[in-house]
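The values are calculated or read from the model by the stated rules, or taken from the named source; none is laboratory data. Here the structure is a predicted model, which means the values were calculated and not measured. A quick note on method: Cβ atoms are made from the backbone with ideal geometry, for glycine too, and the neighbour counts reach across all protein chains shown. Protein only, heavy atoms only, side chains kept; ligands, DNA and RNA dropped before computing areas. Shrake-Rupley method; radii C 1.70, N 1.55, O 1.52, S 1.80 Å.
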Amino acid sequence: MKKTLGIVAALLMCAGIAFADEEDRSIHSIGFSVPVMNQTWYDSSNGIETYNKFNGAGFDFMYHHLTVTPGNFSKFINCEIGYAALWLDEVETKANGSTSTYSVSGDAAKAFGGLIQKYSFGIGGAPVNSDRFILALHGTFGVNGWFGTRNYNYTKSGVKYDEEDWAFSLWTTIGFNVDAAVRLGDHVGLFAGTNFYTNLIGFSVRGTETKTTSDSSKHSDGYAVYPGSFNVDFRFGVAFIY
């Protein structure tokens, strides 16, 4: 995965340099991102509204391309791939005008862990655009995809169960971003950025396969990714400034 990401980042960097306006400043950054996520899966059936509230965290490899014009207009594209874990923390239900909430614990709270991919872009401006330091602010839009699995064993009424769960989520986000780059040499420097965003729309699917010594069963459920929930990404890496 590291080798593939490196090849993609190199190709994107070369393309960005080749097609950038000579007067624009082009900052290519390769590094890491640490997302801290919250997500709510919504379902409505039989007159009951259910909100499954997940917490999550991850670690991604990142390629980030920031462009700043002489008039201080700025834009960026960002690509990430890595690992993220989501775990169910709380369930809220609404029915017949009443609301109930309970915290999730035990096996039900065990994290789903797996691959995450994140793509985002932003437009805004750079209030600081000096030869040595760049600070840019953007409104952002993103598209994210995640797939995770988990498994555990338990015994019920003397029967041993082996449960394998999987979950998939695809969702969009909207938010606010801060990018900063400092030049340390002719073209090399450091990059740092923070992305604050909320979930927009999306969907999730969760499936379960339960096995015993004599039987097995499968089922899956679909959910809507409920708008809202606060998220933040911390990015840092090496910058190549042109």
Of the residues LEU86, THR50, LEU66, the Cα lying farthest along the dipole of region 44-172 towards its positive end, which is defined by charges on the beta carbon of Lys, Arg, Asp and Glu, belongs to LEU66
Between SER45, SER105, SER120, which gets the highest mean-square fluctuation from a Gaussian network model of the chain, Cα cutoff 10 Å?
SER45
Looks like the chain, by Cα gyration tensor root eigenvalues a ≥ b ≥ c and the a/c under 1.5 rounded cutoff (else prolate when a/b is bigger than b/c, oblate otherwise), is prolate
At a probe radius of 1.4 Å, what is the per-residue accessible area of THR213, in Å² to the nearest 10?
140
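Defining a contact as two alpha carbons under 8 Å apart and six or more residues distant in sequence, what relative contact order in percent does the chain show? It would help to have the intermediate numbers written out before the result.
Working: 670 pairs, mean separation 46.8, N = 242.
Relative contact order for the chain comes out at 19 percent.
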Could you tell me which of the pairs LYS53/LYS75; LYS53/LYS118; LYS75/LYS118; LYS53/LYS160 are separated by over 26 angstrom between their Cα atoms in the structure shown?
LYS53/LYS75; LYS53/LYS160
Can you give the alpha-carbon Rg of region 180-227 over 2.2 N^0.38 Å, where N counts its residues?
2.42
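So if we plug the beta-carbon distance of ASP131 and PHE73 into 1/(1 + (r/R0)^6) with R0 = 30 Å, what FRET efficiency do we get, rounded to 0.05? Write out the running numbers ahead of the final one.
Numbers: r = 18 Å, r/R0 = 0.61.
Efficiency at R0 = 30 Å is approximately 0.95.
What FRET efficiency would be calculated for the residue pair PHE176, THR210, taking the C-beta separation as r and a Förster radius of 45 Å, to the nearest 0.05?
E between PHE176 and THR210, to the nearest 0.05, is 0.55.
Would you work out the charge dipole size for the chain about its Cα centre, treating the Cβ of every Lys and Arg as +1 and the Cβ of every Asp and Glu as -1, and quote it to the nearest 20 debye?
Numbers: 17 positive and 23 negative charges, 57 e Å.
Dipole size: approximately 280 debye.
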Enumerate the aspartates and glutamates that LYS218 could reach by cross-link, defined here as Cα to Cα under 14 Å, with residues fewer than 8 away along the same chain left out.
ASP162, GLU163, GLU164, ASP165, GLU209
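Do the sum for the chain: with -39,500 (n - 2.57) for every DSSP H run of n ≥ 4, divided by all residues, what is the mean residue ellipticity at 222 nm, to the nearest 500 deg cm²/dmol?
Numbers: 1 runs with 18 residues, N = 242.
The helix contribution divided over the chain gives -2500 deg cm²/dmol.
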Fully extended, how many nm does the chain gain between HIS219 and ALA57 (0.36 nm per residue separation, minus their Cα-Cα distance)?
55.6 nm
Roughly how big is region 181-242's charge dipole about its Cα centre, with Cβ charges of +1 (Lys, Arg) and -1 (Asp, Glu), in debye to the nearest 20?
60
Considering the chain as a Gaussian network with a 10 Å cut-off on Cα pairs, which listed residue, PHE32, PHE141, PHE203, attains the greatest mean-square fluctuation?
PHE203
What nm value, rounded to one decimal, do you get for the distance between TYR242 and TYR42 when each label is placed 7 Å out toward the C-beta?
4.4
State the Cα centre-to-centre distance between region 183-242 and region 106-150 in whole Å.
7
Roughly how many Å² of THR93 are accessible to a 1.4 Å probe, to the nearest 10?
40
So the angle from the long Cα axis of helix 2-19 to the longest Cα principal axis of the chain, reported in degrees to the nearest 10, equals 40
When the chain is treated as a GNM, springs tying every alpha-carbon pair under 10 Å, which of GLY228, GLY125, GLY47 comes out with the largest mean-square fluctuation?
GLY47
